[in-house]
Structures are given as C-alpha cells and as structure tokens.
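Just below is one structure, and these are the notes that go with it.
The values are calculated or read from the model by the stated rules, or taken from the named source; none is laboratory data. Quick caveat: nothing in here was measured; it's all calculated off a predicted structure. Every residue, glycine as well, gets a Cβ built from its backbone with ideal geometry; the counts of neighbours run over all protein chains shown. Surface areas here come from the heavy atoms of the whole protein model, side chains and all, with no ligands, DNA or RNA. Shrake-Rupley method; radii C 1.70, N 1.55, O 1.52, S 1.80 Å.
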Amino acid sequence: PKFAKPGTQTLQIMSSKTSKSKPSPASSSSRGSAHPPSSGAEWAYRRVWEINQVLSPRPHDFISTGRFYVKEGTLTMWDEKSRTKVKRYMFLFNDLLLFTLPKKKGKKFQLLVYMSLRSPSVSVESVDNSSYNNEFRLHARRKTFIFYAESVEDRKRWVKLMDGSIRGTHPEEQHTKSIHQQAKELDKKFVLPTSTPATHHDDDDDEADMTIYSEGSRDDSEEDGMLRA
C-alpha cells in the first residue's frame, strides 16, 4: 500500500487508474465511498475476502455470506489508556467494525478490535457541542469510542454508514432480506411445516461480540505521524 506522509490523515490504498483490474488487498481510498458505482454489490462482497487476506491475526469467523464491505479509512480517536489522540485505520462492514493499524513490513494490518454492530445497546451519535471539532461517538454497553473526523462531511458520512450497519438498513442488505423472505414464502407453499427447536442469542450482551486483540504499539505500526493526531 501507499501510505500517507506523517501529518496527513489519509491512507491511499488503491489507485483509481486500476479500477478495471482486480483490486489488490486493502484496495480502497481512506475517504471511503461505500463501493465504486461501476463495481456494484459484487465488489462489496469480494472486498471482504480481500481484507481478510491482509489482517493479522485473521478472525476465524470473518468470512460470511451475509457480510459485505461498506467503508474504510483513517479516523482519529481518543485512547483512554494513553490519554492521547491516536489514529486507527477502520474497516466498516454491514454488521461489523474493525479497528486496525497498518504494519511497517508487508501489506498487512494489525487487528486491534473486532466489534459486532448488531446489538440493541450499540449506537452512534454526532457530538456538536464538543470542544473538539467533528466529534462522534460509538456507544456499546460498557464502552464508548470517541472519534474525530477530518471534516463535517466526513463525520456525516461515517455516522450515516455506521448507523446503517447498526440498523441493518444498507440497500444491499435490504435486497438480500427480500430475497430470503421470498425463499421462505416458497418454502411455506411447497414444503410441509416442521417444528424445530428455537435457538436463543443474547443480542444485548454486546461485550461477547467485541474482541480486543491488542492495544497497538508503535513498533508494529506505521511511522509515528500515522498514529498520533
């Protein structure tokens, strides 16, 4: 990947000149549109596989037929442990958010936090009365992540897309749900109903869906200018 110089807040990973060829791993700009209009939903699903190849460590349950890419990019965030602002490279999917750091050697990203967004206690909000510009917060049941976007428009974009992932309202997901619903209706018409044991998933326990792999270190990451605000 081509990393930005110290002091900038972007991490360019794919050149627009190569849009017709197969995207390389981690192949999107940090300003992060959902996915190129010319590529369609197929690219968003393939992107999950591409990102999986560059994660270290790789989550065992990351590849899923219902998961697709939404956005990626560098965000400044507040680190409670060090009491400083740090920069993290974020990968947003329709049901998941990854906190990562680009590694010095190779085209890899150190996975720090693997967070499911599908929980009643997860929410995102803009903070307009903050002393810091362009602040927004991602709330979980026991933890709140504080982010600072590059601009007002960038914040609106992140908040809108994160909210879509939390609520499951991305157009691609709505289309998939419609197909699944049609399939269920066909099953009711042509297959005799059978009773199956109900399964229970505790969606309220979002902490069970958040895995912290590492707090991150300057030794394993890109140069200091990419990490500190």
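Taking Glu50 and the conditions (1) within 18 Å of Trp158 (Cα to Cα); (2) outside any strand (DSSP E or B); (3) touching a residue at least 24 places away in the same chain (Cβ under 8 Å); (4) out of contact with any helix residue (DSSP H, G or I) (no Cβ under 7 Å at 6 or more places or on another chain), which numbered condition does it fall short on, given that it satisfies the others?
(1)
Take the conditions assigned to a strand (DSSP E or B) and polar (S, T, N, Q) and apply them to Ser126. Does it pass?
Numbers: assigned to a strand (DSSP E or B): yes; polar (S, T, N, Q): yes.
Yes.
Filter the stretch 88-120 down to the residues that are open to solvent by 10 Å² or more (accessible area, probe 1.4 Å) and in a strand (DSSP E or B) and list them by number.
Arg88, Gln110, Val113, Tyr114, Ser116
For the structure I just gave you, tell me whether Val54 is under 19 Å from Ile166 (Cβ atoms) and either under 11 Å from the mean Cα position of the chain (by Cα) or open to solvent by less than 30 Å² (accessible area, probe 1.4 Å) (or both). I'd like the intermediate steps shown before the answer.
Details: under 19 Å from Ile166 (Cβ atoms): no; either under 11 Å from the mean Cα position of the chain (by Cα) or open to solvent by less than 30 Å² (accessible area, probe 1.4 Å) (or both): yes.
Considered against the rule, which asks whether it is under 19 Å from Ile166 (Cβ atoms) and either under 11 Å from the mean Cα position of the chain (by Cα) or open to solvent by less than 30 Å² (accessible area, probe 1.4 Å) (or both), Val54 comes out as no.
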